[in-house]
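Enquirer: Dumping the structure here so I can ask a few things about it.
The values are calculated or read from the model by the stated rules, or taken from the named source; none is laboratory data. No experiment lies behind these values; they were computed from the predicted model shown. We place every Cβ from the backbone using ideal geometry, glycine too, and count neighbours over all the protein chains shown. Protein only, heavy atoms only, side chains kept; ligands, DNA and RNA dropped before computing areas. Shrake-Rupley method; radii C 1.70, N 1.55, O 1.52, S 1.80 Å.
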Amino acid sequence: MHFLHLLVAAATVSAASVPEQSLRSRTACPYATSAELAFERNAIYAAKLVPDLIPSFKPTLRVDASYPGQKVNYGNTFTTLRRTVPEPTISFTAELGYDPAKTNYTIFLLDPDAPNPTTPILKDYLHLLISDAQPVCITTQKRKTLASYMSPTPLSVAPHRYTFLVYRQPKNYVPPPSLNYAPGARNNFDLAAYVKQGGLQGPVGANYYREGLAQAA
Ligand SMILES: *[C@@H]1O[C@H](CO)[C@@H](O)[C@H](O)[C@H]1NC(C)=O
């Protein structure tokens with residue numbers, strides 16, 4: 001009992017001797033719990049996004065995305081098309097083993113159900129592509145938008161799975177230059193080729209929502 005008190009006292013003293021700045025930035029950086037990561041993994045597999053969009057999935061961070069008035073929450077349905085017109089805010093937690101200040105990530109928003117889930121001949125439709133994103137605690141991050149946001153316009157009654165994917169960028173990352181992601185040419189985006197060409201690692205996190213004409217008003 002006394003020994004424990006001593007330990008606690010020692011821990012308090014050593015924490016106090018750490019410069020305040022580094023203590024604050026460390027405590028401000030959230031990590032996903034193992035329960036959250038298991039939930040995330042199961043949600044993506046249950047939605048058959050493996051193998052429809054990605055070959056496998058073992059998340060190491062949590063992705064939070066939201067539109068004004070509604071959060072993206074692992075397959076929840078958006079019933080108001082108007083709601084997904086503005087660009088969503090996207091953030092993610094840090095990853096154990098990777099310094100959040102020194103690791104950059106690429107974010108995709110993709111639709112593997114274009115123009116409809118039964119015959120998705122336009123898959124994957126690229127709605128957004130951002131490089132050099134960092135975990136939510138890095139307030140100085142300078143994201144680069146490589147393909148600007150195009151809001152969903154589902155043409156089928158059946159809902160589409162609009163999916164956010166986060167990949168870790170390697171050191172000295174250069175985004176693949178030659179792939180076509182110009183406005184108006186967003187269909188048939190080849191995610192696997194892009195990931196391979198850029199040496200992207202992951203996906204390390206994902207989230208998705210559903211939206212289709214039957215639900216939308
Ligand atoms: C992350 O992105 C920023 C902004 O483009 C860049 O200045 C920095 O060098 C990148 N860091 C790494 C580790 O790639």
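Enquirer: Name the residue from T118, F39, A158 whose Cα lies farthest towards the positive end of the charge dipole of segment 31-211, charges +1 on Cβ of Lys and Arg and -1 on Cβ of Asp and Glu.
Expert: Working it through, the farthest residue towards the positive pole turns out to be F39.
Enquirer: Quick one: if you stick a label point 7 Å off each Cα along the C-beta vector at T140 and A214, how many nm between them?
Expert: 5.1
Enquirer: Measure off, as a whole percent, the carbon and sulfur share of the 1.4 Å-probe accessible area of segment 31-211, all protein chains present.
Expert: Here it works out to 56 percent.
Enquirer: Apply the a/c threshold of 1.5 to the C-alpha gyration tensor of segment 68-148 and tell me whether it is rounded, prolate or oblate.
Expert: prolate
Enquirer: Also: Here is the link list: K102/K123; K48/K71; K58/K144; K102/K196. Which ones come out longer than 29 Å on Cα distance?
Expert: K102/K123
Enquirer: With a cap of 12 neighbouring Cβ atoms within 10 Å, and only residues DSSP puts in a loop, list the trypsin sites (Lys or Arg not before Pro) found in segment 39-73.
Expert: Sparse-neighbourhood loop trypsin sites (Lys or Arg not before Pro): K48.
Enquirer: Could you tell me the calculated FRET efficiency between A28 and A193, based on Cβ-Cβ distance and R0 = 30 angstrom, to the nearest 0.05?
Expert: FRET efficiency, A28 to A193: 0.25.
Enquirer: Which residues does the label zone of S56 cover in segment 147-165, counting backbone N under 20 Å from a point 7 Å along Cα→Cβ?
Expert: 165
Enquirer: Something else: State the Cα centre-to-centre distance between segment 45-68 and segment 130-174 in whole Å.
Expert: 13
Enquirer: Let me ask something else. What is the distance, in nm, between label points placed 7 Å from the Cα along the Cα-to-Cβ direction at S148 and at E36?
Expert: Label at S148, label at E36, 3.2 nm between them.
Enquirer: Mind checking the dipole of segment 82-207: about its Cα centre, +1 per Lys or Arg Cβ, -1 per Asp or Glu Cβ, Debye to the nearest 20?
Expert: My answer is approximately 180 debye.
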